[in-house]
Amino acid sequence: MFEYCADPQSIQGFQWLSCYLTNGKHLLFYQSFGVVLLLLAVTAPVALAFGFVGASAARSRFLPFSLFGKGYTSIVRGVPDIAFFLFFVIALDQVFEYLRHKAKCPDWELPIRQGNDFVVCDIAKLPLSNSPQWVHEVYGFTLAVLTFAIVFGAFAANVLYGAMRSVPRPQLETAEAYGFSSRQTFWRILVPQMWVYALPGLSNLWMILVKATPLLFLLGVEDIVYWARELGGTKNPRFSDYPHGDWRMYYFGALLVFYLLVTRVSEVVLDRLMSRLTLGQATAGGEAQRKALA
Amino acid sequence: MSCLETIADYGLRSLGLGERILPKTDFTLCQQFTLIGSGMLWNIYFGAVALIAGFFLSITVALGKASANPIARKASEWFIFLFRGSPLFIQFFFAYFTFLSLKSVHPAFDPLTSAWLGATIVLFLNTSAYAGEIFYGALKSIPKGDMEAADAYGITGWKRFRRITYPTMLRLAWPAYTNEAIFLFHATALVFFSGFPAWQQRGDALYYANYFADKTFNPFVPYPILAFYFILLTLFVITVFGAINRHLTRHLPPERRTRIRFRPRQPVR
């Protein structure tokens with residue numbers, strides 16, 4: 001990065017550190033923070049959509065839908081979420097390959113599960129074995145996003161289901177009295193009003209999602225945890241221009257600080273959002289704001 | 001090999017007793033059930049020790065946060081922020097590598113790097129922070145009249161805490177604390193995926209479930225077994241905490257008793 005970095009052995013102290021922290025691998029490390037933020041940006045809306053579908057299904061009067069919705073909202077209650085992460089990332093992969101296999105190789109005779117192997121025909125593999133590296137990375141990341149969205153969609157479905165039930169019943173009855181169909185009542189009365197009730201739960205969910213991002217590491221994505229382990233480990237002078245001892249403690253300390261900062265910023269932003277949304281609402285929060293102003 | 005033999009061989013495998021070598025091929029359903037169940041012993045151990053020890057620290061932290069003394073208050077606030085504001089996964093990693101560094105300073109720190117002590121300490125501190133916040137919230141919502149009545153009767157100091165504050169706080173916090181206990185047990189599944197090594201393949205339930213899923217490349221058998229065990233554990237925790245809840249609210253008229261309804265609040269740490 002800097003000119004004096006050409007010969008790292010000859011420099012010391014602050015100069016050495018500045019070179020060390022800007023070498024190629026560290027730049028990849030900084031990029032992986034971007035991966036985490038990208039995951040958050042992509043997963044949050046997808047999970048919200050999944051949650052919305054789940055909550056609407058749970059309210060449905062059609063029994064299979066409501067069973068599906070209720071089952072989906074309760075999957076995360078009894079079982080650790082990390083088990084779902086480890087499960088879905090393989091299960092989704094196998095389901096996709098199986099479906100492609102059925103579509104692309106209908107003449108295939110052999111069983112797909114042969115002992116301890118999962119065998120599909122070559123053109124059904126995901127990603128194809130001859131695809132470039134970036135396709136593999138994008139596929140891995142997509143699987144991770146889907147896994148996160150399924151698990152957090154279930155949490156979001158819980159929150160939204162509760163919020164839908166908190167909308168005052170007379171509002172819906174009024175709509176029915178005016179001759180709204182049940183679909184119109186849902187979209188025009190229920191959905192616009194539920195967000196105020198959902199926000200505390202959803203901001204809680206955001207915090208949870210932020211704190212779940214290091215689990216990307218378990219899904220095989222090269223994220224900040226991967227790089228912290230990689231860069232922090234003891235570096236031998238024979239293989240590295242920047243030899244050092246075991247610094248993993250400091251790297252994970254830095255990650256800890258990073259997450260504390262994200263939490264703090266989120267807290268401040270969500271508090272502001274909440275106080276803006278409650279302004280003028282007929283809730284305890286809105287009433288407190290009115291009194292404080294008066 | 002019959003299933004009973006498998007249970008005899010692998011039932012306590014997670015503690016290092018019985019057969020040393022894990023099955024390598026031709027996994028039977030019985031083997032998967034036995035080994036994953038054997039791993040549950042670790043989850044129960046981590047959860048129970050952290051929960052019981054954490055109960056006392058969390059009340060201390062809650063009282064600290066509610067106290068008028070600025071040092072105690074700030075210390076408690078920072079403790080809670082530190083452990084609730086960062087992922088448990090990162091806390092495990094950080095603690096493990098810190099313990100590794102301590103180990104190179106003095107061999108007395110040796111046991112800290114193994115899961116049975118090191119991970120338990122992290123879980124203990126973590127649950128204390130979460131439960132501390134719950135108890136603090138309960139402390140703040142004790143009805144004003146209760147304290148005034150205590151004042152009127154001249155009950156003060158330790159006696160007031162023991163007779164009025166503490167039971168009311170516990171009763172108000174109990175449903176949320178039940179939730180916390182359940183998620184603490186769930187969080188124990190992270191231990192062997194976060195730096196702490198499973199020495200001689202003595203791991204927890206998720207460790208073995210993951211082992212089978214890796215070896216058979218079939219996630220559809222071991223993970224449902226794991227889910228089955230965790231649902232059992234969750235039901236057990238709800239039963240025990242529900243019984244305690246009934247005990248805590250036994251003096252109240254039935255309509256004022258709070259029922260425990262399991263609603264995920266702060267699941268992932």
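Among the residues making up segment B:14-33, those that are under 30 Å from residue B:126 (Cα atoms) and open to solvent by less than 40 Å² (accessible area, probe 1.4 Å) are B:14, B:16.
Is there a residue in segment A:240-258 that is more than 18 Å from residue A:214 (Cβ to Cβ) and either among the hydrophobic types (A, V, I, L, M, F, W, C) or part of a helix (DSSP H, G or I) (or both)? Yes: segment A:240-258 contains one or more residues that are more than 18 Å from residue A:214 (Cβ to Cβ) and either among the hydrophobic types (A, V, I, L, M, F, W, C) or part of a helix (DSSP H, G or I) (or both).
Annotation: residue A:229 fulfils all but one of (1) without any contact (Cβ under 8 Å) to a residue 24 or more places away in the chain; (2) of a type outside the set (A, V, I, L, M, F, W, C); (3) open to solvent by 20 Å² or more (accessible area, probe 1.4 Å); (4) farther than 29 Å from residue A:88 by Cβ; the unmet one is (4).
Listed conditions (1) more than 14 Å from every other protein chain (Cβ to nearest Cβ); (2) in a helix (DSSP H, G or I); (3) more than 23 Å from residue B:236 (Cα to Cα) are all met by residue B:14, apart from (3). Residue B:92 meets the stated requirement of being under 21 Å from residue A:225 (Cα atoms), in contact (Cβ under 8 Å) with a residue 40 or more places away in the chain and open to solvent by less than 60 Å² (accessible area, probe 1.4 Å). For segment B:70-123, name all the residues that are in contact with a Pro (Cβ under 7 Å, 6 or more places away or on another chain) and within 12 Å of another protein chain (Cβ to nearest Cβ). Result: B:87, B:89, B:90. The residue of segment B:55-110 that is farthest from residue A:211 (Cα to Cα), among those that are more than 18 Å from the chain's Cα centre (by Cα) and assigned to a loop (DSSP other than H, G, I, E, B), is B:106.
Answer yes or no as to whether residue B:42 is in contact (Cβ under 8 Å) with a residue 40 or more places away in the chain and within 14 Å of another protein chain (Cβ to nearest Cβ). Answer is yes for this residue.
With respect to residue B:128, is the statement that it is touching a Gly at 6+ places or on another chain (Cβ under 6 Å), among the small types (Gly, Ala, Ser) and away from chain A (no Cβ under 14 Å) true?
Values: touching a Gly at 6+ places or on another chain (Cβ under 6 Å): yes; among the small types (Gly, Ala, Ser): yes; away from chain A (no Cβ under 14 Å): yes.
When the stated conditions are applied, residue B:128 passes them.
Listed by first and then second residue, the pairs linking a residue in segment B:231-259 that is touching a residue at least 40 places away in the same chain (Cβ under 8 Å) to a residue that is surrounded by 10 or more Cβ atoms within 10 Å (Cβ to Cβ) and among the polar types (S, T, N, Q), with Cβ atoms under 6 Å apart and 6 or more places separating them unless they lie on different chains, are B:241/B:178.
For segment B:250-268, the criterion of being modelled with pLDDT of 90 or more and in a helix (DSSP H, G or I) is met by no residue.
Within segment A:69-90, residues that are more than 8 Å from every other protein chain (Cβ to nearest Cβ) reach partners that are not in a helix (DSSP H, G or I) with beta carbons closer than 7 Å, at six or more positions or on different chains, in the pairs A:69/A:60.
Answer yes or no as to whether residue B:190 is in contact (Cβ under 8 Å) with a residue 12 or more places away in the chain, hydrophobic (A, V, I, L, M, F, W, C) and surrounded by fewer than 19 Cβ atoms within 10 Å (Cβ to Cβ). First the steps, then the outcome.
Details: in contact (Cβ under 8 Å) with a residue 12 or more places away in the chain: yes; hydrophobic (A, V, I, L, M, F, W, C): yes; surrounded by fewer than 19 Cβ atoms within 10 Å (Cβ to Cβ): no.
So residue B:190 does not fit the description; no.
Yes or no, residue by residue, for (1) buried (at least 23 other Cβ atoms within 10 Å of the Cβ); (2) farther than 27 Å from residue A:226 by Cβ; (3) touching a strand residue (DSSP E or B) at 6+ places or on another chain (Cβ under 7 Å):
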residue: B:128; (1), (2), (3): yes, yes, no
residue: B:135; (1), (2), (3): yes, yes, no
residue: B:154; (1), (2), (3): no, yes, no
residue: B:157; (1), (2), (3): no, yes, no
residue: B:161; (1), (2), (3): no, yes, no
residue: B:209; (1), (2), (3): yes, no, no
residue: B:214; (1), (2), (3): no, no, no
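One line per residue, one yes/no per condition, for (1) closer than 22 Å to residue B:82 by Cβ; (2) of a type in the set (A, V, I, L, M, F, W, C); (3) free of Cβ contacts under 8 Å to residues at least 40 places away in the same chain; (4) buried (at least 17 other Cβ atoms within 10 Å of the Cβ):
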{"position": "A:207", "(1), (2), (3), (4)": "yes, yes, no, yes"}
{"position": "A:217", "(1), (2), (3), (4)": "yes, yes, yes, yes"}
{"position": "A:222", "(1), (2), (3), (4)": "no, no, no, yes"}
{"position": "A:242", "(1), (2), (3), (4)": "no, no, no, yes"}
{"position": "A:263", "(1), (2), (3), (4)": "yes, no, no, yes"}
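For residue A:103, the requirement of being open to solvent by less than 50 Å² (accessible area, probe 1.4 Å) and either modelled with pLDDT of 85 or more or of a type outside the set (Val, Ile, Thr) (or both) is not met.
When residues of segment A:85-135 are filtered for being among the basic types (Lys, Arg), over 27 Å from the mean Cα position of the chain (by Cα) and not in a helix (DSSP H, G or I), how many remain? Break it down into steps so the answer makes sense when it comes.
Within segment A:85-135, the first condition is being among the basic types (Lys, Arg), and the residues that meet it are A:100, A:102, A:104, A:113, A:125.
Filter once more, keeping what is over 27 Å from the mean Cα position of the chain (by Cα): A:102, A:104, A:113.
Applying the additional criterion that residues be not in a helix (DSSP H, G or I) yields A:113.
The number of residues fulfilling the criteria is 1.
Residues that are closer than 21 Å to residue A:104 by Cβ and either within 14 Å of chain B (Cβ to nearest Cβ) or in contact with a helix residue (DSSP H, G or I) (Cβ under 8 Å, 6 or more places away or on another chain) (or both) within segment A:129-143 comprise A:129, A:143, listed in sequence order. If the condition is being open to solvent by 60 Å² or more (accessible area, probe 1.4 Å) and facing chain A (nearest Cβ under 10 Å), then segment B:225-248 contributes B:228, B:231, B:232, B:235.
The values are calculated or read from the model by the stated rules, or taken from the named source; none is laboratory data. From a predicted model like this one, the values you see are computed outputs, not experimental measurements. Because the Cβ atoms are built from the backbone with ideal geometry, glycine has one as well, and the counts that use them run over all protein chains shown. Areas reflect the complete protein model, heavy atoms only, side chains present, ligands, DNA and RNA absent. Shrake-Rupley method; radii C 1.70, N 1.55, O 1.52, S 1.80 Å.
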